[in-house]
Structures are given as structure tokens and as C-alpha cells.
Ligand SMILES: Nc1ncnc2c1ncn2[C@@H]1O[C@H](COP(=O)(O)OP(=O)(O)OP(=O)(O)O)[C@@H](O)[C@H]1O
Ligand SMILES: [Mg+2]
């Protein structure tokens, strides 16, 4: 049976040798060449016996034979060793039991349909198991006991202190994925990377490992890592990818050959940098697609095992990407896949890769249909069809939250929500900032209520008395005029000149058919001074801008080496802020939706560098903020507010994150008594809900306003120094410095707590912002503010809330 070469008498004799002397190996093969980086062409089975070998392809066909080897050499054949068989070179991947050979099991795929071998990517340093960890492997079946256990050893020492060892699969997993009966070997995260991991990151890597190996939900390989911003989702994925590219529990066979990382364009370079930061440049070669580096280059080169590409570029090169076999797909900032009908989702779904990970720092918000789309992407079919899902989960849950729901409906909705959370919780992991707080410097957060100027007040009153707003309040909401009104009021709060500009543009545009907007502006122009022009806006016209100017001056004066991130969600507002920087001679840099993606990382790197000339980083958080690290700054000012608290939290997390060494100051500017306060109040009440892994409440983008709510929104409170404080019914009257001591853990009623009393953070429950709010608060007139920065701006400030988060408050 085992003919070494051609049919000589000697070979015939060899054939008669008892079978037990034969040994079997799983191998990869390629044509012999002197190249350092082999391009392996396929899997095969190698049979050795005496001095002869036979090579069979995975269909059992002989593809090579050889004889005249030294018996000793064949006897000691081991993983990672190479051998010439005829004109082919082979590399041994693992040992196959006689049983698996005779049953034919070894010709079946070992791990699912995407089983891989370290083929084209094998580099010379890729011998899977090196000294000194001999014989730590664990035979998985009785058969294997007889096998040469020396062959299977973990790549890294599982018993070393601080080692991170992946859990072993259970019997059913082994039955399904280890048909060849290969011995189980500890999968150990490279200590080079493991030594740097935070505890929550180690847990995260184990979680991801179990998900993509199908150990958490049978037959499912998807995961959603929804850790809050800045917890190092990138690093956790890098550790996972690196581990799986080199190791595998069954016979040491690496699980991955290639991984694909899809990310917003602004983060492509950052991913590459993080790979280098955590693994150095010699361990792994990652390929980042950009203008100069096309997908073709990745395809043509055997060096790379990881491809990083932007969502936009992926769409453009979809055909090429589809042709490459990836064994793991990671979608960074993956909440963009929440709509299953958009192109990006369809494109990514079309990739055959089963192991899919979504990374997102924002809670998988609020909308049950979006939630379904994300789940469906990572684990298709797990929640049944969309119509079943709607019937079983969405409808009862939504119904139970309506005010008119009956007791039974409420109960049913709650049960379904619990079940949905349980089911999806198996493959969704979300940790909050709390886990990292103790590693971060203190954060001082101030909400600064800025008095509106006389011009703002007058325009505001005029707008509120307009016909459009009055008709909104009578319930005429077709064509959503209320959304236009909200937008206009927000503009006014930022600066009246934005409103002036809009009026001018509207009046110059005779084609405009937006009747509501034009009529909203009626008579407004008369409120502006006669000589008002767009060229020279004055900071004296905007309450917030006045405060901002003073604040920047205070930071510049008191802490000249510190830098500021200045955030707005509007390009036009950023223009005003930029102009202000120019006027005061502050050097700045800017990143918004118009910044070419190829330049973004460089702008960020330059700013973060010690030698950055820029004092201010102007950032449009909605357009380009996600995922950015701006730890070069320690002050962050939110100039305007978004309905969605996640947008603002996203922005704040740019500076208060791992790597930040200084105390961080966050300032949120709100116009007193205006719509901005209302939006803020809504944010806070919303955040109480968004703490859950899955927030099942409605998203802010689809806000439905009752007439009552609109009435509240379209009211200007001119007499209050802080409506938010008034609402708390706090007894301090804002007259003196008031603070709820954080030691007041179990106080049942707090006179001044935003939202309900939440007690001390329950570590099992994700942290919501209201739980963090041990706010100190005082009116702007307060004698001493005990804060050097606020002291310098208080003239224009009517009220301040302040909260300090420091490592000690978590111990
Ligand atoms: N264990 C660690 N030790 C030191 N720095 C770390 C560690 N983990 C992560 N970092 C750093 O923290 C920063 C934030 O990490 P990363 O960008 O991965 O966060 P993220 O979870 O992706 O957040 P986002 O949702 O904002 O994208 C990075 O600069 C990263 O290098
Ligand atoms: Mg990220």
C-alpha cells in the first residue's frame, strides 16, 4: 500500500510491513522553491512508513511519493518541520491518529467550514511550537494517549504568572469541530501583549474567543463588543487576532489565516498604529488600504494576514474582497450596520466569513429594529425571521411601554425584554467606563449655564411668537415644522449671526418652497441692528461665545502648556469658533466632515505630540469624532448639545481615556432658560434608560413630541438662572455652594440629584451618567467658586453644576 517510489521488490516488501508502524500527519504543501515566504497550495495528508512517504490530497488522491529517507528523520517528524516529497515541499501541521486515517475523518475539514491553515502567510518564524514548552498538551481521546505527545505544545507557557489561557471547549464542541481527534492544546495569549492588558480586557478577549469559536452559542460565531468608549476594544481585537492567527486548540492548528477589519476611514491608520504599538513591527504584518496601498497589493503579497479597510473603500473594492477568503471579520464602529438595507450592510453580509465581530462604543441604542439588524449581522437567523421577531419581541415590548398598556401587556413585554436580553447577552458584552476609571486621571466636569444676550433674547421671543411655532403648538405638525423651529432656536443659541445668515440666504433664494422656514423668519431681520453684517460677528452677541472666550483665555493663562478640544456638531458654528481662535491669536487645528480621511490620523498625531503648536483642536464630533484619541488635550469644551447623549459622551471620551496623564476638564456650555437646557434635561432622563446592555427605549432621532413637550420646548425662561436646577426642587436656592457628599451612599432622598436617587453604583449594572452625578452646584453669583477657571468666567454665567470623578471615588 505504501509505495515509496516505483515498484521495486524492496517496496513490495515495505508494503507488507505491519500497518502499526505507519504514521500520519496533516500537512500543507507547495511546489519546491527557495523562496523564504512559501506560498502553500493546499492541505494534504502525509503517510510515513519505514524510509518511505506518501502524500495524499484532501480527496485521498496520491500527489507525491518518496523513498530513501532516514528512518530516524521520519520517526522524529514534528510540527513545523518541513520535508521534500518528490518536487513538493511540505510543512507538518499536526499528527493524525491511525483511527482517523482509517475512518477517513482526517480528510474532512477540522474546524467548521472555514477551517484554515497557515498557508501563504507562513513566515520562517512561524514554527508553531518552540521550546521550552514540551508536552503540555492534553490528549483529547484515549486514542491520542499513545500519540507522541511531544508534538503538541502550547505556543506560550500556560503556567507562567500573568498568563492568559483561553478556556477549553466542551465535549460537544470537540465532537463537532475536532473530527480528526487532534489533541487539545492550550491556547495562550502571547505574553508580549498579555502583560499589558487590563483585567476587563482579559475578560473581553476570552469572551470574543468563545464567541468566534462557537463555544457560547452552538453553531454561532458572532459577537458584539459594545464596551464604552476608550476601554480598548481595538487592543482586545488585536490580541484575539494575533492569538488565532498563530494558535488553535485542536492540534495547534491556527484558526485564522486572514482577518478583515473594516473601520471608518478616519481610523484605518489608527488600527495599523495600534497593531504596531501592541505587537511591534516584526511579529505581524498588517495591510491598511489607502490611496497608495490598494487591495491588489494585499492579494498579491503573502506577507500580510490582516487587511484593514474603510467602509467606503470596501464598497468600492467589494469584488476583490469577496474573492479573498477571510476567516474573521471585525466591523469597528459597527453600529452603522443597524440598518440592514443599506449598502454597507449588504456588502458585508455578502462576505462568506462566519466569524463576525461588531465593535461599538455607543449603546446599541434604543430601536428594536436596529437592534435586530445588528444581531442578524453577527449571528444570522438567531432571532428568527424579522416577522417572527416583531411578533415575539418587538410588538409586546413596545406595547408594554405605552402608557395605556394593561397589566398583562406590561408583564408580557417585560418578560420578552428579559428573554431577549438574556439570549443576546450570550454574545453581547458591554462594560462601562467604571472599569477603567481607576487607571485614569481625575475628570472635572462642569455644566455652565450661560446667560443669553439681549439680542438673543429678543430674537428668541420673536421666534416663539411666530405663526409657525404657534401652529405647531396647535398640533399642526405635517412636514415637521417643529423640527425646523428647533434647529433655528439651536442656531440662535450658538450665535445670532447663524440665524442672520439663514435669513439672508432664504431671502436670496426665490426658489425656496419651504414655506414654514421663510415664514418663521418674518420680521426677524428688523430685530438685528441696522449695520449688522455677516463679516464681523461679535462675541458680545452670544452668551456662550462670551463665556467661551473667557474660558479659553483662562486656560491659556493658567495652564499654558495644556490644550483644548473644542467641539461643535455644526460646521458653521465651527467656522465661528475658528474665527474666534484667529482673533485671539490661538493656534488651532481642525477636523470635521470635510477633512480628507487620508489626513485625519496625521492631524490627530500632530496634535497629540508634545511639540504640537496647536492650542485648540476644533472638532466636529458627529462628522469625525468616533474612535479618535485626543489625549494631547486635557480640556474639552462642548459648545452645543445633541439630542442623543451618546454623541456628547463620544466627544468627551476623546480626551478622558487610557493614555491621558493629566487631570481632564470637561465643560458643557448651555444657554440659560433656552431649548438647550430642555435638550439637556431630556438627555439626562434618557441616560437612566441607556445603561442597560440593550436599551429598549426609543431613539432620539425618532423623537415623537407630544404637544405638551413642544410647549415646554418652545418656552423661554427668562427669569430663571437655571431651569434644570429649578426642576430638581432643590432647597439650596442656588444661593450657596451645595453638594451631596459622595459618602452619602444609602441616602434615600437627595434634595438635589438629577433624576431619581440611584444609590451607589451597582457594579453588575452598567453605569449611567446620572449615577455618576454627585454634583456640586452653585449660582454664578456665588462668592468664590473654588475653581480657578470658573472664577474667571463667572461674570456671564448664571449657574454651574460640577462633578469630579477621581480614582478615589471608585475605591
Ligand atoms: N491596557 C492598556 N494600557 C494602556 N493603554 C491602553 C490599554 N488599552 C487601551 N489603551 C489605549 O487606550 C486608548 C483607547 O483605546 P481604543 O481606541 O481601543 O478604545 P475603544 O474602546 O476603541 O474606544 P472608542 O469607542 O472610542 O473607539 C488607545 O490609545 C489605546 O492604545
Ligand atoms: Mg474604537
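The values are calculated or read from the model by the stated rules, or taken from the named source; none is laboratory data. It should be emphasised that the depicted structure is a prediction, and the values quoted were computed from it without experimental measurement. Backbone-built Cβ (ideal geometry, glycine too); neighbour counts: all protein chains shown.
At-a-glance table
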read-out	value
Selection status of residue 231, touching a residue at least 24 places away in the same chain (Cβ under 8 Å), more than 17 Å from the chain's Cα centre (by Cα) and either away from ligand 1 (no atom under 16 Å from the Cβ) or in a loop (DSSP other than H, G, I, E, B) (or both)	no
Residue satisfying condition, being free of Cβ contacts under 8 Å to residues at least 60 places away in the same chain, away from ligand 2 (no atom under 16 Å from the Cβ) and in contact with a helix residue (DSSP H, G or I) (Cβ under 9 Å, 6 or more places away or on another chain), within set 370, 402, 408	402
Hits in segment 205-228 - residues which are within 17 Å of the chain's Cα centre (by Cα) and either part of a loop (DSSP other than H, G, I, E, B) or within 16 Å of ligand 2 (Cβ to nearest atom) (or both)	205, 208, 223, 224, 225, 226, 227, 228
Qualifying position, being in contact with a strand residue (DSSP E or B) (Cβ under 7 Å, 6 or more places away or on another chain) and either modelled with pLDDT under 80 or in a loop (DSSP other than H, G, I, E, B) (or both), among 46, 77	77
Scope segment 313-338; condition modelled with pLDDT under 95, in contact with a strand residue (DSSP E or B) (Cβ under 8 Å, 6 or more places away or on another chain) and within 16 Å of ligand 2 (Cβ to nearest atom); matching residues	333, 334, 335, 337
Boolean, residue 244 is away from ligand 2 (no atom under 14 Å from the Cβ), surrounded by 24 or more Cβ atoms within 10 Å (Cβ to Cβ) and assigned to a helix (DSSP H, G or I)	yes
Listing of helices (runs of 4 or more DSSP H) fully contained in segment 87-203 that carry 2 or more residues being at pLDDT 90 or above, surrounded by fewer than 18 Cβ atoms within 10 Å (Cβ to Cβ) and more than 32 Å from the chain's Cα centre (by Cα)	171-177
3 or more residues within 13 Å of ligand 1 (Cβ to nearest atom): qualifying strands (runs of 3 or more DSSP E) within segment 258-366	356-359
Cβ pairs under 6 Å, 6+ apart, first in segment 662-681 and farther than 16 Å from residue 547 by Cα, second assigned to a strand (DSSP E or B)	664/443; 677/670; 680/670
Set 591, 619: member being more than 14 Å from ligand 1 (Cβ to nearest atom), crowded, with 22+ Cβ neighbours inside 10 Å and in contact (Cβ under 8 Å) with a residue 24 or more places away in the chain	591
Filter result for residue 534 (over 30 Å from residue 610 (Cα atoms) and loosely packed, with under 12 Cβ neighbours inside 10 Å)	yes
Segments classed as helices (runs of 4 or more DSSP H), wholly inside segment 631-721, with at least 1 members that are within 16 Å of ligand 1 (Cβ to nearest atom) and either modelled with pLDDT under 95 or within 24 Å of residue 478 (Cα to Cα) (or both)	645-652, 675-690
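Residue-by-condition table, conditions (1) within 28 Å of the chain's Cα centre (by Cα); (2) in a helix (DSSP H, G or I):
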residue	(1), (2)
374	yes, yes
380	yes, no
388	no, yes
392	no, yes
402	no, no
415	no, yes
448	no, no
457	no, yes
471	no, yes
